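These notes are about the structure you will find just below.
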Amino acid sequence: MYQTNPPSSPKEVLPTMYDLPSEELEEPGLPDEYHLLQPQLLGYTFCPVNYPTEQIFVASDLNLYYDPRYTNWYKRPDWFAVVGVDRLYEQRDLRMSYVVWQEGVNPFVVVELLSPGTEKEDLGQTLRQVNQPPTKWEVYERILRVPYYIVFDRYTDYLRAFQLVGSSYSELELKETRVWINDIQLGLGLWQGIYQGIERKWLRWYDAAGNWVLIPEERERQKAQQKSKLIEREKRRVQRLAEQLRALGVEPDLDDDE
């Protein structure tokens, strides 16, 4: 097979998301409850102010295909985010996988939740076996060149963050178990709180003011509280006006039905 001149687009000659889905019936090890809840919280709170929502894609336990030479090779991050890419695949479909040669944009940040079976590979402590795909660390660092790689051990609450500097990852010194990412005006840290009825330390994004980004339920609760405060403030204003009118000898009409 000869290369065309000019070369054909990857969208024309390489497999697409429809050819490379994440659903593998024989794939072992379905996510446990923590691996469902923690990525969900990360997704809800990942709201970069410098990117519109339609240009942000987040995913968990989704096949990430990374090498057009070996189109069946993939990694499956616990959670990752891409900025500057359409929220929907080609602006129309929910993604079945993330295929970098089709998307044209690599992940900006990857989060791996450590477990005993994957810890060494997640931390780059395993060597690539002959005739086997590269390790996660190699893919994120050398192939995809993901700018930020975060690993978290829920058993020890140990958070580590790595930033791509030149050709390799450099570990960041974290203060108060938080890491600020200026490019997206968001930070990631450990939040002690209750999520989905479970109290523990959770990974959660925070804003430039140091406030935890709210999840939808919290935003609704905040709106309700603000509305209640406005109603109470209006009642007090009406009461003051009524007292002023009475002081002038005028009985105010405070019929609630009007």
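Whole-Hz Karplus values for region 142-153 come out as 9, 9, 7, 6, 5, x, 10, 10, 10, 10, 9, 9 Hz, taken residue by residue from phi with 6.51 cos²θ - 1.76 cosθ + 1.60 and θ = phi - 60°; glycine and proline positions read x. The 3J(HN,Hα) values that the Karplus relation (6.51, -1.76, 1.60; θ = phi - 60°) gives for region 74-79 are, in residue order, 8, 10, 10, x, 4, 7 Hz. Gly and Pro appear as x. Multiplying the residue separation of residue 130 and residue 61 by 0.36 nm and subtracting their alpha-carbon distance yields 22.2 nm. In the chain, the longest principal axis of the Cα atoms and the axis of helix 216-247 are about 10 degrees apart. The order of the peptides 243-253, 115-125 by mean Cβ neighbours within 10 Å, most packed first, is 115-125, 243-253. Only Lys, Arg, Asp and Glu carry charge here, each on its Cβ (+1 for the first two, -1 for the last two); on that basis the chain has a dipole of about 780 debye about its Cα centre.
With semi-axes defined as the square roots of five times the eigenvalues of the C-alpha gyration tensor, the equivalent ellipsoid of region 125-208 measures 27, 17, 11 Å, largest first.
For the chain, the mean projected area of the C-alpha convex hull, equal to one quarter of the hull surface, is 22.4 nm².
In percent, rounded to a whole number, the relative contact order of the chain is 15, using alpha-carbon pairs under 8 Å and six or more apart. Counting only alpha carbon atoms, the long axis of helix 33-45 and the longest principal axis of the chain meet at about 60°.
Ellipticity at 222 nm from helices only: DSSP H runs of n ≥ 4 in the chain, each -39500 (n - 2.57), divided by the residue count, give -7000 deg cm²/dmol. A Förster radius of 45 Å, combined with the Cβ-Cβ distance separating residue 93 from residue 240, puts the computed FRET efficiency at roughly 0.20.
Based on the Stokes-Einstein relation at 25 °C and a viscosity of 0.890 mPa s, and on the Kirkwood radius from alpha carbon pairs, region 74-188 is assigned a translational diffusion coefficient of 160 µm²/s.
Any read-out appearing in this document is the output of simple, stated calculations on the displayed coordinates, not a laboratory observation. On a predicted model such as this, the values are computed, not experimentally measured, just so you know. Positions of Cβ are generated from backbone atoms using ideal geometry, with glycine treated the same way; all protein chains shown enter the neighbour counts.
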